[in-house]
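Every read-out reported here was derived from the displayed coordinates using simple, explicitly stated rules and does not represent laboratory data. All figures in this text were calculated on a predicted structure; none of them were measured in a lab. Virtual Cβ from ideal backbone geometry, glycine too; neighbours counted across all protein chains shown.
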Amino acid sequence: MNESTFAPGGGQPGLAEHAAGLPGEDSGTRLQAVGSVAVRTFEARLAADRDSDLPEHGLSYAEFPYGSYDDPDAEYEPDPEYAATLAPDAARQRRERVGPTGRPLPYFPIPAPLGEHGPAQIIAMCNQKGGVGKTTSTINLGAALAEYGRRVLLVDFDPQGALSVGLGVNPMELDVTVYNLLMTRGMSADEVLLKTAVPGMDLLPSNIDLSAAEVQLVSEVARESALARALKPLLPDYDYIIIDCQPSLGLLTVNALTAAHSVIVPLECEFFALRGVALLTETIEKVCERLNPELRLDGILATMYDSRTVHSREVLARVVEAFGDHVFHTVIGRTVRFPETTVAGEPITTYATNSVGAAAYRQLAREVLARCPAA
């Protein structure tokens, strides 16, 4: 399967046309009409790549068009093999602008740069089931937001330290982690913060020491608010703080929900993952009632989706039926690029910048900016 099927810069609508000239230039060979929508075909995209003078890594953020330059009617036709994983009828999806969830797909414009930063919007990436894409989504959503000029802090709040590993950090070599920030009086976040290879994105790392915090916090006063107190001094420095929660509903997860303004629930399109969502929503409601009245469910993010299987389609349809507009329009499909990025220790937006996975998380970042804008 050819992964490099989207335009430089992540397949933004109208981006290649804006970079190369007016949309009408050379349109006879590069665009074809599909209904009322201008679509760049996969074959034409390959030809354009060969003729393009754009750098391989795509456009920088400063070169992204936004606002009135966006063309919501221009789309890119993905590799047919990949299109089958997102829509059983790709032609209908393009013609009627219907997303994988079966709902009309809104257009999420490229955001304008910010004049100033902060205070941060805190998002908890939470699901008590493991292996549903929490860490992958935290890394790649954070990187995509940073690519759009937002300052992002990722918090590894899982004793397994998967988020740290996914960003190229060896948890066993760390002297101080988020555990020390929680449990050591007088320690500042600057002593724990690590810079990542992604400009504008920082990390609060974790390792197995954090598992001790769940026991030690039991005897603390206001133990559910320990993380909120630790993050409070950092709010003016960032636009988004994303917490990667552990796969359980224990005290650490309650801490994350108490500190957060909103929750994103990554949900693998599989039956066992679907069963746990009801229990998670009950926990969110309890935290909202008793600890954090401002907490809200921003969305359920469907991950590991493959429409070639009836099971994936049925699970996604049931989620949309049950949660309606709380389900993100963006759906993350299966691709081998995600496990490759874990080995490489970097986000997919830098490891495979023109891949369909990178394009999906860039679209998710734009949808998040629309759903939960920074304060």
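Read phi for every residue in the range 216-225 and hand back ³J(HN,Hα) as whole Hz from Karplus 6.51 cos²θ - 1.76 cosθ + 1.60, θ = phi - 60°, with x for Gly and Pro.
5, 6, 4, 8, 7, 6, 6, 5, 6, 9
Using only the Cα atoms of the range 142-264, what semi-axes does the equivalent ellipsoid have when each is the square root of 5 times a gyration tensor eigenvalue? Give whole Å, largest first.
On the way: eigenvalues 93, 51, 38 Å².
Whole-Å semi-axes of the equivalent ellipsoid: 22, 16, 14.
At 0.36 nm per residue, minus the direct Cα-Cα distance, what do R223 and T283 gain on full extension? Give it in nm, one decimal, please.
19.9 nm
Taking the Cα centre of the range 121-371 as the origin and placing charges on Cβ (Lys, Arg +1; Asp, Glu -1), which of G161, A124, A230 is farthest toward the positive end of the dipole?
It is A124.
Answer with one residue from Q216, F271, C245: the one whose Cα lies farthest towards the positive end of the charge dipole of the range 202-304, charges on Cβ with Lys, Arg +1 and Asp, Glu -1.
Of the listed residues, the answer is Q216.
Please turn the phi angles of the range 176-189 into ³J(HN,Hα) values with the Karplus equation 6.51 cos²θ - 1.76 cosθ + 1.60 (θ = phi - 60°), one per residue in order, whole Hz, x for glycine and proline.
10, 9, 4, 4, 5, 5, 6, 9, 9, 5, x, 7, 9, 5
Using modelled backbone amide H atoms (1.01 Å from N, in-plane), which distant-in-sequence or interchain residues come within less than 5 Å of I241's amide H?
Amide H to amide H, under 5 Å and 5 or more residues apart or across chains, I241 pairs with Q121, I122, I123, L153.
If each residue's Cβ is checked for other Cβ atoms within 10 Å, how do K232, K129, K195 rank with the fewest at the top?
By the 10 Å Cβ count, ascending: K195, K232, K129.
Order of M125, M304, M187 from fewest to most other C-beta atoms within 10 Å?
M187, M304, M125
Nothing charged except the Cβ atoms of Lys and Arg (+1) and of Asp and Glu (-1): what's the magnitude of the dipole of the range 135-188 about its Cα centre? Round to the nearest 20 debye. Please list the in-between numbers first.
Numbers: 3 positive and 5 negative charges, 49 e Å.
Using Cβ point charges on Lys, Arg, Asp and Glu, the range 135-188 gives about 240 debye.
If the viscosity is 0.890 mPa s and the temperature 25 °C, what translational diffusion coefficient in µm²/s does Stokes-Einstein give for the range 99-174 when Rh comes from Kirkwood over Cα pairs?
So the translational diffusion coefficient is about 164 µm²/s.
Considering amide H positions built from the backbone, and no H for Pro or chain starts, which residues 5 or more places from E268, or on another chain, come under 5 Å of its amide H?
Correct list: T303.
Based on the Cβ-Cβ distance of E173 and T350, what FRET efficiency does E = 1/(1 + (r/R0)^6) give at R0 = 22 Å, to the nearest 0.05?
Step by step, r from the Cβ atoms, then E = 0.45.
Of Y240, Y305, how do they rank once you tally other Cβ atoms within 10 Å and put the fewest first?
Y305, Y240
How would you classify the range 121-371 from its alpha-carbon gyration tensor, with a ≥ b ≥ c the square roots of the eigenvalues: rounded for a/c under 1.5, else prolate if a/b is greater than b/c, otherwise oblate?
Note, shape of the range 121-371 comes out oblate.
Using modelled backbone amide H atoms (1.01 Å from N, in-plane), which distant-in-sequence or interchain residues come within less than 5 Å of G333's amide H?
Y305
Explain nothing, just compute: Karplus ³J(HN,Hα) = 6.51 cos²θ - 1.76 cosθ + 1.60, θ = phi - 60°, for every residue of the range 109-114 in order, whole Hz, x for Gly and Pro.
Calculated HN-Hα couplings, in order: x, 5, x, 6, x, 8 Hz.
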